[in-house]
Structure formats: structure tokens, C-alpha cells
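See below for the structure under consideration.
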């Protein structure tokens with residue numbers, strides 16, 4: 001238990017790894033802009049999501065294996081692991097009728 | 001209203017299945033309902049706090065606060081589940097045999113209940129904070145009328161609780177002698193799935209970025225978006241495209257729990273015996 005806690009402290013004080021240049025994405029009126037991004041296969045990507053709505057949204061994708069809550073009028077980094085070529089849809093879970101997008105990996 | 005119902009149902013069932021397993025695993029233990037209630041109440045309060053401070057939480061650890069938090073509480077739950085299973089290996093059979101009659105080892109039983117109450121709390125907190133954020137969002141923008149939202153939310157809770165109750169009642173159909181070994185396995189797989197999920201959160205937070213490539217992809221067979229896929233994800237940690245680090249965490253958790261369980265068995269040879277002849 002104690003070693004686990006120590007491991008956590010070590011993890012928490014380390015700096016999180018960031019991919020080179022994050023992809024800028026905005027959420028407004030529960031829609032993503034751009035709603036489609038194209039990236040290279042085999043490279044980790046980071047999406048910097050700016051939520052311009054007043055309410056929180058969860059960037060959610062079972063295909064990308066990522067779920068991240070971004071509070072209203074706030075922003076957050078969505079880190080995505082290296083992917084193989086294909087189409088990976090994502091959505092804003094709280095407004096999935098409009099908040100839809102896709103990551104295309106080539 | 002339908003959107004509210006679906007989301008609330010999904011989150012409630014995910015927490016509810018875990019509560020169902022905990023209830024089945026503690027069948028016959030005095031005052032377990034009280035402890036499970038503590039877990040649920042603590043989880044709901046925690047969910048409101050997490051939702052209220054979502055922005056502040058996220059900004060910790062250079063923007064990875066949410067991921068660190070999720071991974072930490074999941075690993076806490078993994079430790080508590082492990083502890084419970086190991087404790088049961090030493091005392092479980094005695095307990096099943098004697099506890100109702102003599103209340104043997106009640107204080108140790110209480111510790112195990114406290115561990116499981118924490119597991120329940122973590123499950124409710126994780127799913128509950130999403131529900132709170134979602135409902136708060138709907139309420140503040142006022143697109144759907146408040147009453148429709150309330151009805152949708154209430155139906156979602158009822159449906160989620162209903163399905164969870166069915167699973168719990170199903171588990172109780174297992175003969176008492178076998179129930180504890182079934183729940184021990186369920187708890188082991190639950191813990192393994194949570195450990196794999198914690199690894200995913202750490203990777204998403206920018207840590208532990210090793211062995212990240214997908215090892216296999218079974219989304220064609222059972223998508224994690226389907227209801228069955230979601231339920232299996234909650235129960236046994238099913239992932240339709242796991243990566244290497246997740247698989248290692250999954251297998252290692254099972255191995256550690258099994259190893260500790262055998263060790264504890266060996267320390268309590270009599271606790272493991274067939275009921276004493278009268």
C-alpha cells in the first residue's frame with residue numbers, strides 16, 4: 001500500500017508527456033470545430049479542446065479509448081495513443097445529437 | 001427526456017452492477033446494508049463535489065488532474081477488492097458457517113465491509129459525477145423542460161437499479177456453498193478490469209506511455225459501445241481493443257490476487273476445511 005502511494009507521488013510529480021503540437025479544437029453550441037481531423041498513423045496526438053459553452057462536456061470515444069470532461073468555459077488536453085489507419089468517431093457525451101466528430105488516421 | 005433516461009440508466013447500471021456484486025459477496029454478513037449505504041451516500045456526495053470542481057480538478061498536475069484522480073480512485077478500489085478477497089480466503093468459510101450464529105470475528109468482518117464500502121463509494125462517485133454534470137448542463141441551458149428531465153432521470157435510475165437488482169437476485173440463486181467462490185472470481189475480474197482502466201487513464205494523462213499499441217481488436221465481434229460490451233466492460237473489464245500495458249495490468253492483478261489468496265489459505269488451514277461434523 002505504501003509503495004503504491006509512493007509510486008503515485010513519483011508519478012504525480014513527474015511532468016506529463018505531451019505530443020509536439022496539439023491540434024486546436026473548439027466546442028461551441030455543442031458542436032466541434034473542426035469536427036474532422038486527419039493525423040498520421042503511429043504517432044501520439046493531443047487535442048487541445050476549448051469549451052466555449054457554459055456547460056461541461058465529456059469528450060468521449062470508445063474507438064479512441066478516451067474520455068475527458070472539460071468544464072464549461074474552460075479547456076483541456078485530450079491525449080490519444082498512436083493509432084493505426086482508420087476512422088475513429090468521437091462525441092460529446094452530454095450532447096451527442098450535435099457534438100460529433102471523427103479522427104481520420106492515414 | 002430520452003437522452004436523460006439513456007445516460008442516467010447507463011451510469012446507474014455501471015455503478016449498480018458493482019453494488020450488486022458487493023452485496024452478493026457479503027451475503028449473510030451482519031450490518032452489510034449499512035456499510036453499502038455509507039458507500040452509496042459517500043459516493044453521491046463525492047460525485048457532487050467532483051462535478052462542482054471539475055474545472056479545478058482538471059487543471060491540477062498540468063492539466064492531467066482528472067486522469068490522475070480517476071486512476072487513483074480506481075487503484076484504491078483495486079486494493080480494497082484485493083484486500084477483501086484475501087481476507088475472505090482466510091476467514092470466509094468460517095464466516096459463512098458461524099457468523100450468523102455466533103457473530104465470530106465481527107470486527108474483522110467490519111474491516112472487510114469498510115473496504116467494500118470504499119469500492120461502492122468509488123463506483124458511485126465515478127459514474128455519479130458524470131450524471132451530475134450532464135443533468136446540471138441540461139438544467140442550466142433549459143432546452144428540455146425541467147419536469148421532463150426529472151422524469152427521464154428518475155426512470156433512468158429506476159431502470160438501472162432494476163437491472164442491477166436482477167443481477168443480484170440471479171447471483172443469490174447460486175447455492176450458498178458456491179456463492180463465495182463465484183463472488184471471489186467476480187471481484188477478482190472486477191479488480192483486474194479496474195486496474196486496466198486505471199492504466200488507460202494514466203496513459204491519457206501523459207504518464208506510463210509504454211506498450212500503447214492495440215494488441216487485438218474485437219470490435220467487429222462485440223463493440224464496447226453496445227450494451228453487452230458496456231456491461232462486460234464494467235463487470236470483467238472487457239475492452240474491444242486493449243493495449244499491451246492494459247493487458248499486463250489485467251493479468252498481473254489476477255495473478256497477485258490469486259497468489260495472495262493461496263498464501264492466505266495456507267496460513268489458515270482450518271478456515272478452509274469442510275464444515276465440522278456435529
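Highest mobility in the GNM of chain B, judged by mean-square fluctuation with C-alpha springs under 10 Å and restricted to B:145, B:129, B:164, is found for B:145. Cα convex hull, region B:123-278: 178 Å³ per residue, rounded to a whole number.
For chain B, averaging the sequence separation of C-alpha pairs within contact (under 8 Å, six or more residues apart) and dividing by the residue count gives a relative contact order of 32 percent.
Principal axis analysis of the Cα atoms in region A:29-106 yields extents of 35, 22, 19 Å, listed in decreasing size. Stretching the chain fully between residue A:84 and residue A:54 yields a gain of 7.3 nm (0.36 nm per residue, less the alpha carbon separation). The calculated P(r) of the protein assembly as shown, using every Cα pair and 20 Å bins from 0, goes 27, 56, 16, 1 in percent.
Can you give the log10 of the normalised intensity I(q)/I(0) at q = 0.15, 0.18, 0.24 Å⁻¹, computed with Debye over equal Cα scatterers of region B:1-82? Calculated log10 I(q)/I(0) at the listed q: -0.74, -0.99, -1.26.
For the peptide B:50-61, the mean number of other protein chain Cβ atoms found within 10 angstrom of a residue's Cβ is 4. Measuring r between the beta carbons of residue A:100 and residue A:28 and using R0 = 22 Å, the FRET efficiency lands at 0.95.
Extending 7 Å from the Cα toward the beta-carbon at both residue A:73 and residue B:223 defines two label points whose distance is 3.7 nm. Most fluctuating residue of B:249, B:114, B:139 in a GNM of chain B with Cα springs under 10 Å: which is it? Looking only at B:249, B:114, B:139, the biggest GNM fluctuation is shown by B:139. Can you give the relative contact order of region B:133-278 as a percent, counting alpha carbon pairs under 8 Å and 6+ residues apart? Dividing the mean separation by the residue count of region B:133-278 yields 23 percent.
For the pair residue B:38 and residue A:40, a Förster radius of 56 Å applied to the C-beta separation gives a FRET efficiency near 0.65, rounded to the nearest 0.05.
For region B:182-242, relative contact order (Cα pairs under 8 Å, six or more residues apart, normalised by length) works out to 44 percent. Applying Stokes-Einstein at 4 °C and 1.567 mPa s to the Kirkwood radius of chain B, computed over alpha-carbon pairs, gives a translational diffusion coefficient of 65 µm² s⁻¹. Length gained on full extension, residue B:6 to residue B:158, computed as 0.36 nm times the residue gap minus the Cα-Cα distance: 53.6 nm. Here region B:158-245 has an Rg and Dmax of 15.7, 46 Å, counting Cα atoms alone.
A short reminder: the numbers here are calculations on the coordinates, not readings from a lab. All values reported here derive from a predicted model rather than from experimental measurement. Note: ideal-geometry Cβ built from the backbone for every residue, glycine included; neighbour counts use all protein chains shown.
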